Structures are given as C-alpha cells and as structure tokens.
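Undergrad: Have a look at the structure that comes next, please.
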Amino acid sequence: MRIRFGTSGWRGIIAREFTWERVERVVDGIALFLQRQGRDTVVVGGDCRFLSPELAEYTAERMTGYGFRVTLSQVPCPTPVLSHACVSGGLGGVVNFTASHNPPLYNGIKFSPWHGGPADDGMTAAIEEIIASGAKPAGGNGSVFRVDLRDAYVNTLLERLNTEAFSGSGLRVVYDAFSGTGSGILDRLLVDLGVSVRVMNGVRDPLFAGREHPEPGESGTADLSGQVLASGASIGVATDGDADRFGIVDENGSFVSPHDFLPLLLEYLVTVRHMEGRAVRSVTTSGLLDRVASAHGIATVVTPVGFKYLGAEMLGGGVVLAGEESGGLSILDHVPEKDGILACLLACEMVCDRGRGLGEQLKGLWDRYGRVFISRMDLKLDPVLRDRIESGYFRSVPVSVAGMEVLDVDMTDGVRMVMKNGDWVLIRLSGTEPLARVYAQSASEERRDSLLDSLRTEFEGMREE
C-alpha cells in the first residue's frame with residue numbers, strides 16, 4: 001500500500017498501517033528530501049501517544065546515521081513548541097510523531113520544513129515519490145542534542161501576550177490538558193502570571209482517559225464545562241494531545257465555538273492590541289470573521305482546509321490572525337502553525353483585560369455584527385457510501401439541498417453549495433480519517449439543523465441501499 005500524506009501529515013492505525021517498518025521508510029524519505037534541499041539539521045519530537053517518545057528517540061539516532069545534527073526533545077512535546085524550535089534555531093525541518101486529535105489507535109508523522117509550518121502539497125508529494133522509489137539517503141556522521149525546548153517557547157509566548165492584563169485580575173481557570181503535551185506548559189505559565197488554575201487530565205495517558213475521539217470540541221469539553229460551573233471559574237480552556245488545537249468554555253459553562261471566538265479575538269487584536277494586517281480563515285469557518293474584518297477595514301483571505309494553507313499566507317507577512325473552525329490559530333509574528341496554548345492564553349487575556357467573561361463579550365459581538373449559526377457533523381464512511389457521495393455531490397452537484405435551490409457552487413475544498421437565502425452546506429472527505437465532514441451555515445439555528453438533519457437522513461439512506 002502506497003504511503004500518502006493527508007491534510008496534516010501521514011497517519012494510520014498502529015500496527016495496521018502505522019508500523020515500525022513503514023515509519024522507517026517515511027523517515028528515510030524525509031531525510032533524503034532534506035538532503036536534496038541542502039539541509040542537514042532537524043528537530044525531532046512527539047506527543048504522548050503510544051510509541052511517540054520511543055519512535056522520536058529511534059528516529060533521532062537513525063538520522064544521525066545520515067549525517068544530520070538532530071535536536072531531540074527530552075520530553076513529549078507540543079507541535080507548536082517543535083515549530084518554534086525549528087524557526088528560532090534556524091533548523092532544516094521538524095519530524096513530529098503525532099496524530100493530533102485522531103482516536104488513540106492512531107499515530108502519525110507530521111513533517112514541517114524550515115519555516116516551521118506544515119509542509120505544502122508539493123513537498124509531501126516529493127516525499128511520497130521518494131518513499132515509493134525506495135531511494136535511500138546518503139550516509140554520514142551526525143549528532144544528537146537532547147534539549148528541553150519548552151522554556152524558550154514560553155519566553156516567546158510571553159512576548160505575544162499583554163502580561164500586565166493578568167496582574168491582580170483574580171482570574172480562575174480550569175484547564176483540561178487531554179492527557180497530552182500542553183500539561184506543564186500552559187498551567188505553569190498561567191500560575192506564573194498570578195492565575196489560579198485547576199488542571200484536569202494532566203498526566204500522560206495514550207488512551208486519553210477513555211476518550212474515543214480526543215478533540216476539544218463541544219462534546220469533548222463537556223467535563224470541562226461541568227468543572228467550570230462547579231468551581232465558579234472565570235473560564236475553561238483545553239488543548240488536544242499535541243496542543244495545537246484549543247477548546248474554550250465561558251463563565252456560564254457554555255462551549256465557545258471557534259466560529260465565534262475567532263471574530264471576537266480578531267476584534268480584540270485590532271482594537272485593543274492595535275495590530276494591523278489581514279485576516280485568514282479556512283473555507284469551513286464562519287463568515288462572521290469577514291464581517292468583523294470588513295468593519296475595521298481589514299481584508300479577509302479564504303483558504304482550503306488545512307493549516308498548511310493558512311500558514312502559507314502567514315509566511316507572506318502581515319497576517320493579524322489566521323484561524324480555522326477545527327480549533328487552530330496563530331497570530332502576527334508567531335510560528336505559521338496551529339498553537340492551542342497561545343489560543344487559550346489569548347482567551348484568558350481577553351477576560352482579564354475587559355473584566356468580562358467571554359459569554360458576555362460574545363453577546364456584545366452578536367449585537368454589533370449579527371449572529372451566524374454553523375455546525376459540523378461527521379459521518380463514518382465505508383467504500384459504498386464514499387462512492388455514492390462522490391457520485392452524487394462531487395461529480396454531479398444536486399440542484400437542491402433539503403428542498404432549497406442551489407444557486408452557487410464552490411469547489412475550493414470539497415463541495416460548498418450556497419442557497420438563495422445565503423445558507424450554505426459544504427461536504428468534505430477527510431484527509432486523515434474515513435469520514436465525511438458536513439458543514440451547514442445559516443442565520444437561523446432551525447434552518448441550520450434542518451439542513452444537517454436532511455443530509456444525515458439522505459446519507460444514511462445511501463448506506464442502506
């Protein structure tokens with residue numbers, strides 16, 4: 001079976017697709033790719049998943065045999081920390097063992113080049129070709145430097161924050177680390193800023209404390225919401241296993257969707273922090289961000305799904321905020337990679353600076369710009385359902401959805417169908433899991449739910465035919 005990179009690296013089920021032999025082939029492909037680029041330095045690390053630390057250690061030693069000078073994280077390490085180490089150290093790339101938010105049975109390798117952001121399609125295609133050819137890197141005598149990368153990263157985060165806002169704020173935070181790499185970084189930094197912090201799931205657990213799908217979305221933060229209410233905390237924050245994604249719960253225990261948090265943060269960065277530049281969002285992210293940007297004279301760039309596209313925009317400079325609905329963001333002058341730790345810190349800063357919880361702040365945002373309702377449902381795919389969705393929506397777009405006429409179709413990423421009243425539906429096939437991701441946006445909560453219910457019924461019917 002040919003090894004292929006998805007939206008964010010190569011991933012597979014451990015011992016089925018993700019085997020030791022295949023890991024060696026991918027590592028060798030990356031090493032030869034870097035050699036052809038004239039680069040001989042790399043940072044290697046991984047998250048808290050099964051075998052990630054052991055594979056990082058093994059990979060570091062393997063790459064020294066190809067002449068690389070390897071910086072190896074001493075401990076399981078967040079994705080944004082590895083990206084920061086690459087950029088700040090002027091290294092050639094990152095080899096990161098993580099499957100991000102995928103189920104515990106998965107692991108993977110994420111490769112980032114010299115700029116610290118996700119590798120683009122051209123780079124991953126070149127690595128795939130190298131792997132398929134069986135070509136081997138040239139040998140050499142390299143070295144391994146075992147380093148704790150976290151302190152340098154924390155120092156950079158402090159430069160990205162208004163630390164004075166935290167002073168005397170009395171902020172109380174509940175943090176769910178999802179048994180991952182954010183533990184010991186986000187909570188420690190908040191404590192140093194004078195914040196009271198309660199940590200949930202702060203110990204490494206490759207099974208993610210029994211979570212089937214360790215993603216800090218609305219369902220994944222249900223326990224966090226309960227703890228915020230029980231403790232009377234000001235805010236609840238969460239990061240996924242490799243700490244590149246964020247989840248936020250407001251003072252009322254309500255989940256704060258990235259669709260709402262991103263425009264709220266953009267307004268804060270522009271009006272309070274006085275940042276200038278453009279905003280970048282993925283095609284699946286709410287258009288509320290565009291309304292805020294337009295009101296402040298800011299251009300908005302819309303990209304396909306995957307932070308490699310948002311990161312590419314950041315490399316061009318002048319991006320105030322880049323964010324996507326799946327819980328990833330970065331800001332001006334930071335690494336062109338998702339950083340869940342930074343996102344949580346900025347959420348806490350906003351509460352401290354304004355003296356109001358995010359729930360109250362969002363009410364003001366909706367009063368000023370209107371509200372947009374957008375949701376996603378994930379459908380597990382078998383070969384039959386995948387083929388029928390591709391045939392019915394990708395190869396021939398329907399004239400109506402849920403009884404509403406389709407007026408416009410956008411195939412930037414998946415199939416996005418816009419109806420007469422401005423509602424839209426987008427269908428994407430996941431690049432990392434056997435899933436169809438279905439999004440619906442409307443100015444009405446009822447119409448949004450009706451769209452999703454209609455498509456759910458239709459697709460389940462396809463499965464049964």
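Just so you know, all these numbers are worked out from the coordinates, no wet-lab data involved. Keep in mind that this is a model prediction, so the values were computed, not measured. Because the Cβ atoms are built from the backbone with ideal geometry, glycine has one as well, and the counts that use them run over all protein chains shown.
Undergrad: How would the chain be classified by its alpha-carbon gyration tensor: rounded, prolate or oblate, with rounded meaning a/c under 1.5 and the a/b versus b/c comparison settling the rest?
TA: Values: a/c = 1.64, a/b = 1.14, b/c = 1.44.
Taking the square roots of the gyration eigenvalues as a ≥ b ≥ c, the chain is oblate.
Undergrad: Explain nothing, just the number: relative contact order of the range 10-151, from Cα pairs under 8 Å at least 6 residues apart, as a whole percent. If you can, show how the numbers build up before the last one.
TA: Numbers: 272 pairs, mean separation 49.6, N = 142.
Relative contact order here is 35 percent.
Undergrad: Looking at this model, which pairs from Lys110/Lys380; Lys110/Lys338; Lys110/Lys136 are more than 18 angstrom apart at the alpha-carbon? Mind dumping the intermediate values first?
TA: Working: Lys110/Lys380 24 Å; Lys110/Lys338 13 Å; Lys110/Lys136 20 Å.
Flagged as over cut-off: Lys110/Lys380; Lys110/Lys136.
Undergrad: Right, next: If contacts are Cα pairs under 8 angstrom and at least 6 residues apart, what is the relative contact order of the chain in percent? Intermediate values should be presented prior to the final figure.
TA: Details: 987 pairs, mean separation 62.4, N = 465.
Taking the mean separation of contacting Cα pairs over the length of the chain, I get 13 percent.
Undergrad: Expressed as a rounded percentage, what relative contact order does the range 373-464 have, with Cα pairs under 8 Å and six or more residues apart? Could you put the intermediate results ahead of the total?
TA: On the way: 134 pairs, mean separation 31.1, N = 92.
It rounds to 34 percent for the range 373-464.
Undergrad: Further question on the same structure: Label points 7 Å out from Cα along the Cβ direction at Val191 and His274: separation in nm?
TA: According to this spin-label approximation, the distance is 3.6 nm.
Undergrad: For the range 121-220, with only Lys/Arg (+1) and Asp/Glu (-1) charged at the beta-carbon, what is the dipole magnitude about the Cα centre, in debye rounded to 20?
TA: On the way: 9 positive and 14 negative charges, 76 e Å.
Its charge dipole is roughly 360 debye.
Undergrad: Further, regarding this structure: Could you compute the FRET efficiency for Arg25 and Lys420, with r as their C-beta to C-beta distance and R0 at 60 Å, rounded to 0.05? Kindly include the intermediate steps, with their values, before the conclusion.
TA: Values: r = 51 Å, r/R0 = 0.85.
Computed FRET efficiency for Arg25 and Lys420: 0.75.
Undergrad: Exactly which GluC sites (Glu not before Pro) in the range 164-235 are in a DSSP loop and have at most 16 other Cβ atoms within 10 Å?
TA: Values: sites: Glu164, Glu212, Glu218; in loops: Glu212, Glu218.
Of the GluC sites (Glu not before Pro), the ones in loops of the range 164-235 whose Cβ has at most 16 other Cβ atoms within 10 Å are Glu212, Glu218.
Undergrad: Something else: For the chain, with the dipole built from +1 on Lys and Arg beta-carbon atoms and -1 on Asp and Glu ones, taken about the Cα centre, which of Cys86, Leu157, Ala293 lies farthest toward the positive end?
TA: Cys86
Undergrad: Is the shape of the range 116-257 rounded, prolate or oblate, going by the alpha carbon gyration tensor and its root eigenvalues a ≥ b ≥ c, with a/c under 1.5 for rounded and a/b larger than b/c for prolate? Don't skip to the end; give the middle numbers.
TA: Working: a/c = 2.52, a/b = 1.75, b/c = 1.44.
Judged from the Cα gyration tensor, the range 116-257 comes out prolate (a/c at least 1.5, a/b above b/c).
Undergrad: With only Lys, Arg, Asp and Glu charged, each at its Cβ (+1 for the first two, -1 for the last two), find how big the charge dipole of the chain is about the Cα centre; round to the nearest 20 debye.
TA: On the way: 46 positive and 62 negative charges, 128 e Å.
Dipole about the Cα centre, nearest 20: 620 debye.
Undergrad: Taking square-rooted eigenvalues a ≥ b ≥ c of the alpha carbon gyration tensor, is the range 315-465 rounded, prolate or oblate, where a/c under 1.5 means rounded and, failing that, a/b exceeding b/c means prolate? Let's see the in-between values first.
TA: Values: a/c = 2.26, a/b = 1.67, b/c = 1.35.
Taking the square roots of the gyration eigenvalues as a ≥ b ≥ c, the range 315-465 is prolate.
Undergrad: R0 = 35 Å: FRET efficiency of Arg2 with Val301, Cβ-based, nearest 0.05? The partial results should precede the final answer.
TA: Working: r = 33 Å, r/R0 = 0.94.
For Arg2 and Val301, the calculated efficiency is 0.60.
Undergrad: Filter the chain for me: DSSP H helices, axial length by Cα at least 30 angstrom, mean Kyte-Doolittle hydropathy not below -0.5. List them by residue number.
TA: Working: long enough: none.
Answer set is empty.
Undergrad: Which order do peptides 12-23, 63-74 fall in by mean Cβ count within 10 Å, highest first? Walk me through the intermediate numbers first.
TA: Details: 12-23: 15.1, 63-74: 20.3.
Ranking the peptides 12-23, 63-74 by packing returns 63-74, 12-23.
Undergrad: Here is a further query. Sum -39500 (n - 2.57) across every DSSP H segment of at least 4 residues in the chain, then divide by the residue count to get the 222 nm mean residue ellipticity, nearest 500.
TA: The helix contribution divided over the chain gives -11000 deg cm²/dmol.
Undergrad: Tell me, how many Å apart are the Cα centres for the range 237-291 and for the range 341-383?
TA: Using only Cα atoms to place each centre, the spacing works out to 6 Å.
Undergrad: Treating only the Cβ atoms of Lys and Arg (+1) and Asp and Glu (-1) as charged, compute the dipole magnitude of the range 45-180 about its Cα centre; round to the nearest 20 debye.
TA: Details: 9 positive and 13 negative charges, 39 e Å.
My answer is approximately 180 debye.
Undergrad: A further question follows. Within 15 Å, Cβ to Cβ, of Leu288, how many net charges do the neighbouring residues add up to if Lys/Arg are +1 and Asp/Glu are -1?
TA: On the way: positive: Arg281, Arg291, Lys363, Arg368, Arg371, Arg448; negative: Asp260, Glu267, Asp290, Glu324, Glu325, Asp367, Asp423, Glu445.
Surrounding charge for Leu288 is -2.
Undergrad: Zone of Ala138 (label point 7 Å along Cα→Cβ, backbone N under 14 Å): which residues in the range 55-98?
TA: Zone members listed by number: 66-68.
Undergrad: For the charge dipole of the chain, defined by +1 on Lys and Arg C-beta atoms and -1 on Asp and Glu C-beta atoms about the Cα centroid, which residue among Gly317, Asn141, Met63 has the Cα displaced farthest towards the positive pole?
TA: Toward the positive end, the furthest listed residue is Asn141.
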